[in-house]
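Below is one structure, written out as structure tokens; the observations come after it.
The values are calculated or read from the model by the stated rules, or taken from the named source; none is laboratory data. Just so it is clear, the model here is predicted, and its values are computed rather than measured. Ideal geometry is used to build each Cβ from the backbone, glycine not excepted, and the neighbour counts take in all protein chains shown.
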Amino acid sequence: MKALLKFLIKTALILGFPFYVPILYVEFACRGEPLADDYASLLPPEHHRPEARTLMTYPEWHIVHAYTDYARVIEDEDPHDFSFLGAIWGFWSSLCTLNEASAAHGGVDGETKQMVYVIGASFTAEMLLKAAYEETFGHIAALIRGPEREPLDDLSARQAAEYAAFLRQTPWYKYDFLEDDRELDLAATDTPRDNEREIALGIENRVKARYAAFIADRVAEIGPDEQSLRMVAWGLSPSQFGAYDGVSVIGPREPGVELEVPRYAKLTKLLEQMALDGAEFVEIAGNDDILITVLSDRVKQAPGSLMSVGVQGTDDRRFLMLVKVPELAETLRGMQEGLLRLEHIHDY
């Protein structure tokens, strides 16, 4: 019994190595020096969101970007050409940097940190499993196929792109994986490559569908996250602000107007358009700092960026930049010069 227990412990440690090592590293090696935040918010407390959350939203978006990169790579190439390990490294290295930076913005609460660790472990497991398959059996099937792509190569690339686009505004567990599975079954031919893709991707879709249903049930128990947030802006009239899709004008809030706006990808497009129309931002969700990511294929360093990572399938680099909310509009307008391109504004 003692020998069996020792074997089980060793096995658990070995199997958990890809997960607990990066978590422990982030937890103990990626700590910043706490600093007091003396910013006095204009919004009432019920509309405040923790400022450090703007930093902690990036790891989730890194996963979205990874799926986008994957879709871009397999549009013309094969899954084994994607760097699965690079995607994993990007997640944990960015989390390390952002966890350290969060100390100056109130630190990360335990619930948020736990959530980020869970999605990091899940993402790592998925990427490792896909790498193990695509770089062995999947690669062999692609070699047998030859340079000419089969119908399911193109269909799976389109589905990957649709999934990545879906994730930009909607939680992953709401995606219809079973519909993708049915579409693959209908489009498959009798070639070895299509048979291999149909089986491999079919298993993946059915597993994800079951896991998504499980997560959806858990979310239903605790309730989904808010789909909007409050902010204060000026430079346009209340009627002009209210003309934007999805924006509700709450009322005057010196020195401007209090607005309720959508979150996630819609917020990025909205704030970019507002800035181009002459709006200025005072605070967002009770905070005066916000994280943005920008892309560039023309510069290797961006002043003030926290870090940068390469974007697979392109010549771009992604820069993570923390910007003062009152400077955000001018920052966005300055990108019209073309050196940097806005990718995403990370809310809280």
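Restricting the search to helices (runs of 4 or more DSSP H) fully inside the range 105-210 and requiring at least 3 residues that are under 17 Å from the mean Cα position of the chain (by Cα) gives 110-133, 151-167.
Each row is one residue, and each column tells you yes or no for (1) free of Cβ contacts under 8 Å to residues at least 12 places away in the same chain; (2) of a type in the set (V, I, T); (3) outside the structural domain of G286 (by TED's automatic domain parsing); (4) buried (at least 19 other Cβ atoms within 10 Å of the Cβ).
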position: S102; (1), (2), (3), (4): no, no, yes, yes
position: G106; (1), (2), (3), (4): no, no, yes, no
position: I119; (1), (2), (3), (4): no, yes, yes, no
position: L129; (1), (2), (3), (4): yes, no, yes, no
position: G138; (1), (2), (3), (4): no, no, yes, yes
position: L143; (1), (2), (3), (4): yes, no, yes, no
position: G146; (1), (2), (3), (4): yes, no, yes, no
position: R149; (1), (2), (3), (4): yes, no, yes, no
position: L152; (1), (2), (3), (4): no, no, yes, yes
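The residue of the range 81-91 that is farthest from Y25 (Cα to Cα), among those that are surrounded by 21 or more Cβ atoms within 10 Å (Cβ to Cβ) and within 15 Å of the chain's Cα centre (by Cα), is A87.
Against the condition in the same structural domain as A165 (by TED's automatic domain parsing) and either modelled with pLDDT under 95 or under 18 Å from the mean Cα position of the chain (by Cα) (or both), how does R31 come out, does it pass? When the stated conditions are applied, R31 does not pass them. Within the range 87-107, the residues that satisfy the criterion of being touching a Leu at 6+ places or on another chain (Cβ under 8 Å) and farther than 28 Å from G313 by Cβ are S102, A103, A104, H105. Residues that are touching a Pro at 6+ places or on another chain (Cβ under 8 Å) and outside any helix (DSSP H, G or I) were ranked within the range 213-231; the one that is surrounded by the most Cβ atoms within 10 Å (Cβ to Cβ) is S228. Can Y163 be described as over 19 Å from E75 (Cα atoms), surrounded by 15 or more Cβ atoms within 10 Å (Cβ to Cβ) and out of contact with any Gly (no Cβ under 8 Å at 6 or more places or on another chain)? So Y163 fails the test.
Taking the range 234-292 as the range and being touching a residue at least 60 places away in the same chain (Cβ under 8 Å), surrounded by 21 or more Cβ atoms within 10 Å (Cβ to Cβ) and farther than 26 Å from E343 by Cβ as the test, only E258 passes. Within the bounds of the range 56-78, is there any residue that is under 23 Å from E126 (Cβ atoms) and outside any helix (DSSP H, G or I)? Among the residues of the range 56-78, at least one is under 23 Å from E126 (Cβ atoms) and outside any helix (DSSP H, G or I), which makes the answer yes.
Taking the condition in contact with a Ser or Thr (Cβ under 6 Å, 6 or more places away or on another chain) and at pLDDT 95 or above, does E150 pass? When the stated conditions are applied, E150 passes them. Residue count for the range 308-348 under the criterion of being buried (at least 21 other Cβ atoms within 10 Å of the Cβ) and of a type in the set (D, E): the result is 1.
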